Amino acid sequence: MFSVLSYGRLVARAVIGGLSQTDSGDYSLVTARCGFGKDFRKGILKKGMCYGDDACFIARHRSADVLGVADGVGGWRDYGVDPSQFSGTLMKTCERLVKEGRFVPGNPVGVLTSSYYELLQNKVPLLGSSTACIVVLDRQSHRLHTANLGDSGFLVVRGGEVVHRSDEQQHYFNTPFQLSIAPPEAEGAVLNDSPDAADSSSFDVQLGDIILTATDGLFDNMPEHMILQELRKLKNTNYESIQQTARSIAEQAHVLAYNPNYMSPFAQFACDNGLNVRGGKPDDITVLLSIVAEYTN
């Protein structure tokens, strides 16, 4: 299940996999998304932009393009709570704030903070936990601003090599940083991190740069070299090519997640922590694949 969002007339002057070029005009993102829910939800896109307990958004404002992914913590299901409600509402709130212009491109942590506190003040009770990753492209400055809380994340590829990658945040093995809203009687007993704890970064991007933003379902099942191998298939910047590559990456991760004989990055991490684990990690997978392109109204 996938779809593509296009933003006006976007033209890339760079050749994918070759040398990126610089330009004095505004930049924008051409973005495709693909995802799979695990187990009984696989292949089903819930209302909005949710794959299983994962959620995402793609929003545009006159000053910036903004992307986000969130991974709802599945353990809440044991208490009768749908984990996708928290991640989905968080991403929808981020999207609305961006479209309303209630954000600063250079401060993606601010988007996350404002959205989270709006959820806390919501009159309708909402319980759950989620990781989150926000990526903002400032059109005029050509800078990418990021905020990552937990084990979702992003990578930026230029000339076939990873030039920037988010840092994973874990309290301990398989327990990522997360935003949470717990019932009053459970406050203090549920892991909850502040949005300010998100790891943030800012750096320049170039025309033709590839930005891959995804939940841990991708990174736990596909090592960097496999992702790069798939990205090399992206030969041009038309929507169909980006869409096809996003789908190829998500599908491969989905297949590997159910391979019991595969030594996945998650299994390797588990072994490093003294656990005898082999195979992929069945999980929801969400992939947003973007190309930095020249923007024209």
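The values are calculated or read from the model by the stated rules, or taken from the named source; none is laboratory data. Small disclaimer: the values here were computed from a predicted structure and weren't measured. Heads up, the Cβs are rebuilt from the backbone with ideal geometry, glycines too, and the neighbour counts pull from every protein chain shown. Accessible surface is based on the protein model in full, side chains and every heavy atom, while ligands, DNA and RNA are left aside. Shrake-Rupley method; radii C 1.70, N 1.55, O 1.52, S 1.80 Å.
Need the failing condition index for residue 105 against (1) closer than 22 Å to residue 151 by Cα; (2) touching an Asp or Glu at 6+ places or on another chain (Cβ under 7 Å); (3) open to solvent by 10 Å² or more (accessible area, probe 1.4 Å); (4) not aliphatic (A, V, I, L, M), just the number.
It is condition (1) that residue 105 fails.
With the requirement that a residue be out of contact with any Ser or Thr (no Cβ under 6 Å at 6 or more places or on another chain), of a type outside the set (Lys, Arg) and without any contact (Cβ under 8 Å) to a residue 60 or more places away in the chain, what does the stretch 98-116 give you?
98, 100, 101, 103, 104, 107, 110, 111, 114
Which of the residues that make up the stretch 229-284 are among the hydrophobic types (A, V, I, L, M, F, W, C), part of a helix (DSSP H, G or I) and open to solvent by 10 Å² or more (accessible area, probe 1.4 Å)?
Residues satisfying the conditions are 255, 256, 266, 269, 271.
Of these, 137, 112, which one is of a type in the set (A, V, I, L, M), touching a Phe, Trp or Tyr at 6+ places or on another chain (Cβ under 9 Å) and either under 17 Å from residue 290 (Cα atoms) or not in a strand (DSSP E or B) (or both)?
Exactly one residue qualifies, and that residue is 137.
Can you tell me which condition residue 147 does not meet? The list is (1) part of a helix (DSSP H, G or I); (2) of a type outside the set (D, E, K, R); (3) under 27 Å from residue 175 (Cβ atoms); (4) open to solvent by less than 10 Å² (accessible area, probe 1.4 Å), and all the others hold.
Result: residue 147 passes all but (1).
State all residues of the stretch 212-226 that are farther than 16 Å from residue 132 by Cα and either of a type in the set (Gly, Ala, Ser) or in contact with a strand residue (DSSP E or B) (Cβ under 7 Å, 6 or more places away or on another chain) (or both); if no residue qualifies, say none.
Selection gives 224 alone.
Does residue 161 satisfy the criteria of being charged (D, E, K, R), modelled with pLDDT of 95 or more, open to solvent by 50 Å² or more (accessible area, probe 1.4 Å) and over 19 Å from the mean Cα position of the chain (by Cα)?
Here the answer is yes, as residue 161 does meet what is asked.
Filter the stretch 115-133 for residues that are open to solvent by 20 Å² or more (accessible area, probe 1.4 Å), more than 13 Å from residue 196 (Cβ to Cβ) and assigned to a helix (DSSP H, G or I) and give the result. Break it down into steps so the answer makes sense when it comes.
To start, the set of residues in the stretch 115-133 that are open to solvent by 20 Å² or more (accessible area, probe 1.4 Å) comprises 117-118, 120-127.
Subsequent filtering for residues that are more than 13 Å from residue 196 (Cβ to Cβ) retains 118, 120-127.
118, 120 - these are the residues of the stretch 115-133 that are open to solvent by 20 Å² or more (accessible area, probe 1.4 Å), more than 13 Å from residue 196 (Cβ to Cβ) and assigned to a helix (DSSP H, G or I).
For the stretch 65-109, what are the residues that are of a type in the set (Gly, Ala, Ser) and under 22 Å from residue 215 (Cβ atoms)?
Hits for the stretch 65-109 are 68, 70, 72, 74, 75, 84, 87, 88.
Being among the acidic types (Asp, Glu), free of Cβ contacts under 8 Å to residues at least 60 places away in the same chain and under 23 Å from residue 136 (Cβ atoms) is the requirement here; does residue 199 meet it?
Criteria met by residue 199.
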